[in-house]
């Protein structure tokens, strides 16, 4: 388990409190921008893009095509992870995170300016897909880089809660995207489809300004600086990952399957399901907002608890609990009772899902040594995302259509993904496979 290359930076000067606060703020707001942008696209794919950009197709095929364009962003994420992860391990964490931040913001703002199929014909979905590719390349390194930077600034015994900071940003981004989209989707349908859907995308310009201001004031990781000063940065991080850390890579890959696929089934695709079974789309949007807001409480709790009882037990409890609750969840949604839907989604996302996601940053940071940590995390996260979250809405939509709107195939699909995560973590020996710097 990465035994050949476990350089640790034990003599790096400990960062002061102000530096740590800036890193945490930067990680939170950077991840918030990333997932504001990503979740906007996901919601628009379910509610807007199938109508405005894939107009030539029938409704079901148009929805599949819209989710197909969404999946393309996941397909290119490993490319972003490879390119930017390598740069992050060779040139530094901060520089790469500035680049990914700007790329993500510009790609999203441009979506708000695109012509629709009615104006540009077949060019419209092409331009939309190109913007999605830009999002995907940047996202391939943003979260992983933020996790690395946060973990490497963490004081002794607090890596779990520090590495959970980007997860807080994800929830903030989803919350903001859901709230903004809910406001504009409440417009009369004609106005919403005419101009209302564009405003949330254009608002990303404001977020990127704030995020860039904070990120430019962040110092480089003390761990990376020591590696650089000692001449011990990796010449070929990708090679080193597969030479020294194959087992950690596959553990991380498998751990992501349940977390990532269920995120996009129950945060994104569930909106399509709610409309399909005859309920108002606003119920789904409101339920996601409430569930995500609750996650702002559970994320730091799970991060804090992971510093006390370990990452593995919490992550496995989340995966097992998610698998057990999937069928009851769909049963509660099918009641059509808005209160039950909100409660079910809040428990599933804020408690079970966040048990996995909030501890993921510290778990992955523990798996890989500092010399190729950025690359290892980015590669594992983003390659798994292609076959997990990237295709989950597409697969769920296809299963729903094939089963005559029955939910059981989607439930089984989600359960299988969680089982993969649970089994993968059986190979994770937390006490002996932890690579730390300031501990």
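Can you spot a residue in the stretch 201-217 that is closer than 28 Å to residue 19 by Cβ, in contact (Cβ under 8 Å) with a residue 12 or more places away in the chain and not in a helix (DSSP H, G or I)? There is at least one residue in the stretch 201-217 that is closer than 28 Å to residue 19 by Cβ, in contact (Cβ under 8 Å) with a residue 12 or more places away in the chain and not in a helix (DSSP H, G or I). When the test is whether a residue is surrounded by fewer than 19 Cβ atoms within 10 Å (Cβ to Cβ), part of a helix (DSSP H, G or I) and either without any contact (Cβ under 8 Å) to a residue 12 or more places away in the chain or over 22 Å from the mean Cα position of the chain (by Cα) (or both), residue 297 does not pass it. Listed conditions (1) at pLDDT 85 or above; (2) in contact with a helix residue (DSSP H, G or I) (Cβ under 8 Å, 6 or more places away or on another chain) are all met by residue 91, apart from (2). Filtered by the rule that a residue be under 13 Å from the mean Cα position of the chain (by Cα) and more than 16 Å from residue 296 (Cβ to Cβ), the stretch 335-358 gives a lone residue, 356. When the stretch 121-141 is filtered for residues that are surrounded by fewer than 22 Cβ atoms within 10 Å (Cβ to Cβ), more than 23 Å from residue 381 (Cα to Cα) and at pLDDT 90 or above, the ones remaining, listed by number, are 123, 124, 126, 127. Here the stretch 169-192 is the region considered, the condition is being surrounded by 24 or more Cβ atoms within 10 Å (Cβ to Cβ) and within 20 Å of residue 301 (Cα to Cα), and the residue that is modelled with the highest pLDDT is 169. For residue 65, are the conditions met, namely being closer than 19 Å to residue 268 by Cα and either assigned to a helix (DSSP H, G or I) or at pLDDT 90 or above (or both)? Yes.
Among residues of the stretch 366-425 being within 19 Å of the chain's Cα centre (by Cα) and in a loop (DSSP other than H, G, I, E, B), the one that is surrounded by the fewest Cβ atoms within 10 Å (Cβ to Cβ) is 391.
Do we have residue 166 as more than 23 Å from the chain's Cα centre (by Cα), at pLDDT 90 or above and more than 17 Å from residue 70 (Cβ to Cβ) here? So residue 166 fails the test. If we keep just the residues of the stretch 228-253 that are surrounded by fewer than 18 Cβ atoms within 10 Å (Cβ to Cβ) and not in a helix (DSSP H, G or I), which is nearest to the chain's Cα centre (by Cα)? So the residue we want is 236.
Of all positions in the stretch 258-280, at least one carries a residue that is buried (at least 17 other Cβ atoms within 10 Å of the Cβ), farther than 30 Å from residue 183 by Cβ and touching a helix residue (DSSP H, G or I) at 6+ places or on another chain (Cβ under 9 Å).
The values are calculated or read from the model by the stated rules, or taken from the named source; none is laboratory data. What you see is a predicted model; the values in this text were computed from it and never measured. Glycine also receives a Cβ, built like all others from the backbone with ideal geometry; neighbour counts cover every protein chain displayed.
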